[in-house]
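The block underneath contains the structure these notes are about, expressed in C-alpha cells.
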Amino acid sequence: MSTIMIVEDDPKIKQLLQNQLEKYGFRVVNVEQFDRVMSVFAEARPDLVLLDVNLPKYDGFYWCRQIRQHSNCPILFISARESKMDQVMALENGADDYITKPFDYDVVLAKIRSQLRRAYGLYASPDVERTVEVAGLKLFMERLELNWNEQRVELSKKEALLLEALMKQHPRVVSRERLLEKLWDEQFVDENTLNVYITRVRGKLKDIGLEGAVETVRGAGYRLKAAWEEL
Amino acid sequence: MRLFLKDQWPFAAFYLVQLVLLILIFSLDGYWNPSLMTYAAFLALFFAAGFLVMRYLTHRAVYQRLSQPIRSLEELTQTHGNSAFSRAFDEYNLEQYRLYKEQLHAYESKQRDHNIFIQQWVHQMKTPISVLHLMLQDEDDDKAESVREEVDRLKRGLEMVLYQSRLECFEQDFLIEPVSLRSVVQQAVAENKRYFIRNKVYPQLQVDEKWRVESDEKWLLFMINQVLTNAVRYSAGKSNAVTIRAYERGEKVVLEIQDYGIGIPPEDIRRVFQPYFTGENGRKYAESTGMGLYLVKEIAKRLAHEVELDSAVGEGTTVRILFSAAVPTLQDRKADES
C-alpha cells in the first residue's frame, strides 16, 4: 500500500482528496501545521507528495526544495496558477508534475499512478480496480469487462463509460446530456452517436442474458433496470 | 521665426512711432536738420534692429520649441540655450515634467497593485470552485447538473477577468512558439464540452494536423474559447452545428469558426470589437459582457494576428483568425530536402 502525503491548506479540498485516494487503496497522511511539513514527512516517509503552491508561511516551492534534500520521492504540485511560467518554476524546484485547479479526480489518480509506476515499478501501485456493481452485475473499468452470472463480455472504452454512468446512478435516470458529457473526451459525440452506443450496450447485455436492462425514459434519458433481480 | 515676429512686432511698431514722434517734436519746435536727423534715425534703427537680431539668435531654440507640438514627455527635458530666459523656460518645463512623472508613477503603481490584487483574487476563487467541482463529480442528478452549469459560468467569468488583467502586463506574459492548431482547438472544444452539450450544438472539426503556427498557446486558447462560446450562445435553439476549419489563404493560415446562428445586425457589426459593446443580440441573451470580442481583437493585435468577422442576420457569423505563414512540420522539411 502506497502512502501519499497531502500538503494543502484548504480543509475541504484536503478532505475530498483524502476520501477519494483512500477509496482507491492509498494510505493518506495530512499536514495540519504548515511549519512542520518536514517532520511529518520524516515520520510518514510517504511514497508520493501532493503539494499546494500557495501555503501559509512558506510556499510550496520552498517545501519542495526542502523535501528534495532528503528524498527523491515523486512530488506533484496542485496549483490554481496555470501559466507556463508557474509550471516551469515548479519543475525547476524539483517537482515531477503539475496539476491545475480545478481538477478531476481521474486526472489526479492517473498522474499519481504514473508517477508511482515510474518511481517504484509496477508492483508498487495498489491494484484496486475501479469497479461498479449492481445486483450481481459487475463492471471492471480498467479491464473493460462486464461480468454477470459467470458470464463475461468485453466492452469498448465508451461502452464501459456509458454503463458506468448508468450503473452508478441505478436505479435513477441518467440524462442524455450527462451521458454525452461522459462519452465526450477527445472525440466529441453527438446525439446520433449516443444512440448507436446505447444500442451496442443493449446488445452486449443481451449477449450475457440481460435483455431490456437499459430502459429509455422519454424526455429524460436512460435508466438501468435491474429486472434480473426478481428472477 | 514667425512666432518671433508675431511676438516682437508691437515692440517694433512702438519704437517706430516713438522715433517719428521725436522727430516731429524737434521739427515743430523749429529745429530742422535733415541730414543729422536721418543720421540719428539710422543709428536708432540700427541698434534696435541689432537688438532684435541678437534677441532672435539667443532665443531661437525657445521660439522653435514653442511653435512645434510636443510629441513625447521626454522632449520637455531638452535644453534651449544659455540666456536667462531660456534657462527659466527649461527649468519650468523640467519642473512640469517631474510633476507629471511623479503622478504617472503613482498611478502606474496603483494600477500594478490593482492588477496583482485581481490576479491573486481570481486564483483564490479557484479554490472554492475546485471544491464545488470535486463535490459534484460523483453526483449525477439534475440538481448537480444545474449547479455544474453555474460553476462553469463562474469559471468562464473568472477566466475573463484574469485574462483582461493579464493583458495589462502582456509584455512579460507571452511565449511565441509553434502551436498545433488542431490540438488548441481540441482543447478549447473539450473545455467547453458541457456548454456545447447543454445548448445542443456540436462542433465539426476540419482542422488538419499539419497546421502549425507561431503563436502563444495560452492566449490563443483564450481567443478560441471566446469565439466558440459566442458561436454556441448565438446558435442555441436555431442550429446545431459550429464548423471549425483551417486553411491557407496566400501566405497566411486561417482558422475559421463558423456558426449558423442568429447573426449580427449590420449596424452592430462595425462595433462588435469595441469594449462593453453588446448590441442587439447582447440585450437578448444573458451573459454578454461585451468584452469577449474586444479582448480577442486586443490579443490578436499583440500577437500580430488578424481578426475578421462576417455576419448576416439569420444566417450566422464567421470569425477568422489569420496567422502569418505556417510553421513547416518535420515531414515538410524532409520532403523539401529530398
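The values are calculated or read from the model by the stated rules, or taken from the named source; none is laboratory data. Given the structure is predicted, the values throughout are model-derived calculations rather than measurements. Neighbour counts are summed over all protein chains in view; Cβ atoms, including those assigned to glycine, are modelled from backbone coordinates with ideal geometry.
Of everything listed in (1) surrounded by 14 or more Cβ atoms within 10 Å (Cβ to Cβ); (2) closer than 20 Å to B:GLU177 by Cα; (3) free of Cβ contacts under 8 Å to residues at least 24 places away in the same chain, the single unmet condition for B:LEU322 is (3).
Residues in region B:266-285 that are of a type in the set (A, V, I, L, M, F, W, C) and in contact with a helix residue (DSSP H, G or I) (Cβ under 7 Å, 6 or more places away or on another chain): B:VAL272, B:PHE273.
Residues in region A:134-158 that are under 18 Å from the mean Cα position of the chain (by Cα) and either more than 22 Å from A:ARG113 (Cβ to Cβ) or modelled with pLDDT under 85 (or both): A:MET141, A:GLU142, A:ARG143.
Go over the candidates B:ASP208, B:ASP152, B:ASP140 one by one and state the one that is buried (at least 16 other Cβ atoms within 10 Å of the Cβ) and assigned to a loop (DSSP other than H, G, I, E, B).
Numbers: B:ASP208 fails: buried (at least 16 other Cβ atoms within 10 Å of the Cβ); B:ASP152 fails: assigned to a loop (DSSP other than H, G, I, E, B).
The match here is B:ASP140.
Only one residue in B:GLN68, B:GLN119, B:GLN124, B:GLN64 is at negative phi and not in a helix (DSSP H, G or I), so which one is that? Even if it seems obvious, please write down each step before you answer.
Working: B:GLN119 fails: not in a helix (DSSP H, G or I); B:GLN124 fails: not in a helix (DSSP H, G or I); B:GLN64 fails: not in a helix (DSSP H, G or I).
Being at negative phi and not in a helix (DSSP H, G or I) holds for just one of B:GLN68, B:GLN119, B:GLN124, B:GLN64, which is B:GLN68.
The combined condition, being at pLDDT 90 or above and over 19 Å from the mean Cα position of the chain (by Cα), is fulfilled by A:TYR197.
So that you can scan it fast, the table gives a plain yes or no per residue for (1) away from chain A (no Cβ under 14 Å); (2) part of a loop (DSSP other than H, G, I, E, B):
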{"residue": "B:GLU171", "(1), (2)": "no, no"}
{"residue": "B:ARG182", "(1), (2)": "no, no"}
{"residue": "B:GLN187", "(1), (2)": "no, no"}
{"residue": "B:ALA190", "(1), (2)": "no, no"}
{"residue": "B:GLN226", "(1), (2)": "yes, no"}
{"residue": "B:THR229", "(1), (2)": "yes, no"}
{"residue": "B:VAL232", "(1), (2)": "no, no"}
{"residue": "B:GLY237", "(1), (2)": "yes, yes"}
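Of the residues contained in region B:152-164, one or more are found to be more than 10 Å from chain A (Cβ to nearest Cβ), on the phi < 0 side of the Ramachandran plot and of a type in the set (Val, Ile, Thr). There is no residue in region B:47-69 that is surrounded by 13 or more Cβ atoms within 10 Å (Cβ to Cβ), without any contact (Cβ under 8 Å) to a residue 24 or more places away in the chain, farther than 30 Å from A:GLU181 by Cα and under 25 Å from the mean Cα position of the chain (by Cα). The residue that is farthest from the chain's Cα centre (by Cα), counting only those in region A:1-17 that are within 18 Å of A:PHE77 (Cβ to Cβ) and either more than 11 Å from chain B (Cβ to nearest Cβ) or among the aliphatic types (A, V, I, L, M) (or both), is A:VAL7. All conditions but one from (1) among the β-branched types (Val, Ile, Thr); (2) within 26 Å of B:LYS143 (Cα to Cα); (3) surrounded by 18 or more Cβ atoms within 10 Å (Cβ to Cβ) apply to A:THR193; the one that does not is (3). Here B:PRO203 fulfils each of the conditions (1) more than 9 Å from chain A (Cβ to nearest Cβ); (2) buried (at least 18 other Cβ atoms within 10 Å of the Cβ); (3) assigned to a strand (DSSP E or B); (4) not small (Gly, Ala, Ser) apart from (1).
Checking each residue in region B:94-146 for being within 10 Å of another protein chain (Cβ to nearest Cβ) and among the small types (Gly, Ala, Ser) picks out B:SER130, B:ALA144. The set of residues in region A:34-70 that are more than 24 Å from B:GLN120 (Cβ to Cβ) and surrounded by fewer than 14 Cβ atoms within 10 Å (Cβ to Cβ) comprises A:ARG36, A:SER39, A:ALA42, A:GLU43, A:ARG45, A:GLN69, A:HIS70.
Got a sec? Which of B:LYS101, B:LYS143 is modelled with pLDDT under 90 and among the basic types (Lys, Arg)?
Values: B:LYS101 fails: modelled with pLDDT under 90.
One residue alone meets the criteria, B:LYS143.
For region B:2-19, state whether one or more residues are of a type in the set (Val, Ile, Thr) and surrounded by fewer than 11 Cβ atoms within 10 Å (Cβ to Cβ). Yes, region B:2-19 contains at least one residue that is of a type in the set (Val, Ile, Thr) and surrounded by fewer than 11 Cβ atoms within 10 Å (Cβ to Cβ).
Among the residues making up region A:154-209, those that are facing another protein chain (nearest Cβ under 9 Å) and acidic (Asp, Glu) are A:GLU177, A:GLU181, A:ASP185, A:GLU186, A:ASP190, A:GLU191. The one condition from (1) more than 30 Å from A:MET167 (Cα to Cα); (2) at pLDDT 90 or above that B:SER130 does not meet is (1).
Would you check if A:ILE112 is in contact with a Leu (Cβ under 7 Å, 6 or more places away or on another chain), buried (at least 16 other Cβ atoms within 10 Å of the Cβ), within 14 Å of chain B (Cβ to nearest Cβ) and over 18 Å from B:ASP140 (Cβ atoms)? First the steps, then the outcome.
Working: in contact with a Leu (Cβ under 7 Å, 6 or more places away or on another chain): yes; buried (at least 16 other Cβ atoms within 10 Å of the Cβ): yes; within 14 Å of chain B (Cβ to nearest Cβ): no; over 18 Å from B:ASP140 (Cβ atoms): yes.
So A:ILE112 does not fit the description; no.
Only one of the numbered conditions (1) hydroxyl-bearing (Ser, Thr, Tyr); (2) touching a Lys or Arg at 6+ places or on another chain (Cβ under 8 Å); (3) surrounded by fewer than 18 Cβ atoms within 10 Å (Cβ to Cβ) is not met by B:THR229, and that is (3).
Annotation note: of B:VAL122, B:VAL184, B:VAL151, the sole residue that is more than 27 Å from the chain's Cα centre (by Cα) and modelled with pLDDT of 90 or more is B:VAL151. Out of the residues in region B:239-262 that are surrounded by 16 or more Cβ atoms within 10 Å (Cβ to Cβ) and in a loop (DSSP other than H, G, I, E, B), state the one that is farthest from the chain's Cα centre (by Cα). My answer is B:SER239.
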